[in-house]
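Student: Mind having a look at this structure? Questions to follow.
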Amino acid sequence: MTASGLEGVVVADTQLSDVDGERGRLVIRGHDVEALALAHDFEAACGLLWTGAVPDAAAHAELRARLGRARLRAFARLPRLGDALDAADGMEALRAALAHLRASQIPAGELHTELTGAVAVFAAAWARRARAAAPLAPDPELGHAADYLRMASAHGSDPERSRALDAYLVTVVDHGMNASTFTARVVASTESDPVSAVVAALGALKGPLHGGAPGPVLAMLDEIGSPERARAWIEAELAAGRRIMGMGHRVYRVRDPRAAVLERAVERLRATGLRSDRLDLARAVEAVAVGSLGERRPERRLAANVEFYTAVILDALGLPQELFSPTFAVARVAGWLAHVDEQRRGGRLIRPASRYVGPQPETPVAA
Ligand code: COA
């Protein structure tokens, strides 16, 4: 059986982002991810992806206000989501909740903000419901990151933590032809609607090999507990044939540049007085994991990916572990929508081929 996983296959020309796996570089519409995350907030990254340029002050304010209004509309919709938010898994809840949106009822110019606003509000409402708390109404005056944090985190939001969440959301907003983005483009290529593309993409993001990894990374750090236990724990996992979550990547052969951006964002948070004991532990575990994986597979360099430090930063921001994957979706939905647009503009129906290796009919059809 061929198991290429489409590795190295080019399926689209894109202006949205470029992942250089050899040099460990991620470019988002002409901007290095480090520079973008350092200088800009989530709204700016949305504007960049959706229009091709970082918005100027007036366009930024307008986008921020439109996102705020979209969050309010999503909140008003909560009572009409049936039992969608009852799901025990946050990604299942989000998928079911978003499926209630109808593209035909959303003005075309508002589709991006409507869906982006809805993901944040539904994810936050699910997290509070899981803690038996009523959802908090959005504050449309706030930036998207600050408002999401206020609605979702047990610690509420403050400027420093909101800035760190902005850095996270910008860092993961888009990333080449990853599995969920490809899913969104496949759906868009059939001329289906953007809501369907986003719902399908969420399904792909949910898997532990994609957006489902940071929860298990945190669980791993908790199980390891202290740096001196890391080697024995990692070796036992590898000996049992299990993968180390947060390590390895389909494209990167060096450390994922996004891991460094998030690591620095946690460092900045610490400089403001916030405690994150897990940062030191994560660094120690990463070093041990790189060493152990390198000894076993010297030919394929397995380094930390974005999910390793996603676990550390989202935990430091007071977001519960079960909200890590939904929070990834809060950012990535903006990238999916940009890809849906791009696919619709210039793409063709995505319909690859398969090689049939099953049995042939016993009786040949008469000629
Ligand atoms: N821990 C242990 N071994 C790993 C590993 C990990 N995290 N990642 C890859 N490997 C090993 C595989 O077991 C495989 O070994 P084999 O050839 O003996 O079977 C080899 O490296 C190649 O892995 P492969 O699955 O072909 O790579 P991929 O490109 O398909 O996988 C990931 C990329 C991300 C799915 C993979 O590295 C992984 O599962 N990582 C852990 C999950 C994770 O962090 N996901 C978030 C991604 S951003």
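The values are calculated or read from the model by the stated rules, or taken from the named source; none is laboratory data. Everything numeric in this text was worked out from a predicted model, so none of it was measured. Note: ideal-geometry Cβ built from the backbone for every residue, glycine included; neighbour counts use all protein chains shown. Areas reflect the complete protein model, heavy atoms only, side chains present, ligands, DNA and RNA absent. Shrake-Rupley method; radii C 1.70, N 1.55, O 1.52, S 1.80 Å.
Student: Collect the residues in region 291-311 that are among the aliphatic types (A, V, I, L, M) and either open to solvent by 40 Å² or more (accessible area, probe 1.4 Å) or touching a residue at least 60 places away in the same chain (Cβ under 8 Å) (or both), keeping them in residue-number order.
Tutor: V306, A311
Student: Considering only region 176-196, how many residues are at negative phi and under 15 Å from the mean Cα position of the chain (by Cα)?
Tutor: Adding up the residues that qualify gives 8.
Student: Next up: Any residue in region 334-345 that's within 10 Å of S189 (Cα to Cα): show its pairings with residues that are part of a helix (DSSP H, G or I) at Cβ separation under 6 Å, as long as the two are six or more apart or on different chains.
Tutor: Short answer, once both residue conditions are applied: V340/A184; V340/A188; V340/P194; V340/A197; Q343/R185; Q343/A188; Q343/S189; R344/A188.
Student: Picking from G47, G30, which residue would you name as being in contact with a helix residue (DSSP H, G or I) (Cβ under 7 Å, 6 or more places away or on another chain) and either free of Cβ contacts under 8 Å to residues at least 60 places away in the same chain or open to solvent by less than 70 Å² (accessible area, probe 1.4 Å) (or both)? Let's see the steps before the verdict.
Tutor: On the way: G30 fails: in contact with a helix residue (DSSP H, G or I) (Cβ under 7 Å, 6 or more places away or on another chain).
So the residue among G47, G30 that is in contact with a helix residue (DSSP H, G or I) (Cβ under 7 Å, 6 or more places away or on another chain) and either free of Cβ contacts under 8 Å to residues at least 60 places away in the same chain or open to solvent by less than 70 Å² (accessible area, probe 1.4 Å) (or both) is G47.
Student: Which one of these is assigned to a helix (DSSP H, G or I), closer than 24 Å to A120 by Cα, of a type outside the set (V, I, T) and out of contact with any Asp or Glu (no Cβ under 6 Å at 6 or more places or on another chain): A37, A70?
Tutor: So the residue among A37, A70 that is assigned to a helix (DSSP H, G or I), closer than 24 Å to A120 by Cα, of a type outside the set (V, I, T) and out of contact with any Asp or Glu (no Cβ under 6 Å at 6 or more places or on another chain) is A37.
Student: Based on this model, can you work out whether E223 counts as without any contact (Cβ under 8 Å) to a residue 12 or more places away in the chain, touching a Phe, Trp or Tyr at 6+ places or on another chain (Cβ under 9 Å) and either over 28 Å from H144 (Cβ atoms) or within 13 Å of the ligand (Cβ to nearest atom) (or both)?
Tutor: yes
Student: Starting from region 86-99, take each residue that is open to solvent by less than 40 Å² (accessible area, probe 1.4 Å) and list its partners that are part of a loop (DSSP other than H, G, I, E, B), counting only C-beta distances under 6 angstrom and pairs at least six apart or across chains.
Tutor: Going by the 6 Å Cβ cut-off, the qualifying pairs are M91/K206; A93/A87; A97/L81.
Student: Of all residues in region 244-268, which are open to solvent by 40 Å² or more (accessible area, probe 1.4 Å) and touching a helix residue (DSSP H, G or I) at 6+ places or on another chain (Cβ under 8 Å)?
Tutor: Step one: list which residues in region 244-268 are open to solvent by 40 Å² or more (accessible area, probe 1.4 Å), which gives 245, 249-251, 253-255, 264, 267-268.
Hits for region 244-268 are M245, E267, R268.
Student: May I ask you to verify whether G212 is surrounded by fewer than 22 Cβ atoms within 10 Å (Cβ to Cβ) and in contact (Cβ under 8 Å) with a residue 24 or more places away in the chain?
Tutor: yes
Student: Out of all the residues in region 273-295, which are within 22 Å of the chain's Cα centre (by Cα) and within 13 Å of the ligand (Cβ to nearest atom)?
Tutor: E286
Student: If a residue must be in contact with an Asp or Glu (Cβ under 9 Å, 6 or more places away or on another chain) and surrounded by fewer than 19 Cβ atoms within 10 Å (Cβ to Cβ), how many such residues does region 100-135 contain?
Tutor: Qualifying residue count, region 100-135: 6.
Student: What are the residues in region 132-162 that are free of Cβ contacts under 8 Å to residues at least 40 places away in the same chain and at negative phi, if any?
Tutor: A133, A134, L136, A146, R150, M151, S157, D158, P159, S162
Student: In region 234-269, what residues are away from the ligand (no atom under 13 Å from the Cβ) and not acidic (D, E)? Step through it out loud before you land on a result.
Tutor: First, pick out the residues of region 234-269 that are away from the ligand (no atom under 13 Å from the Cβ): 254, 260-261, 263-269.
Matches in region 234-269: V254, A260, V261, R264, A265, V266, R268, L269.
Student: Within region 327-367, take every residue that is among the β-branched types (V, I, T) and part of a loop (DSSP other than H, G, I, E, B) and give me the one that is surrounded by the most Cβ atoms within 10 Å (Cβ to Cβ).
Tutor: I350
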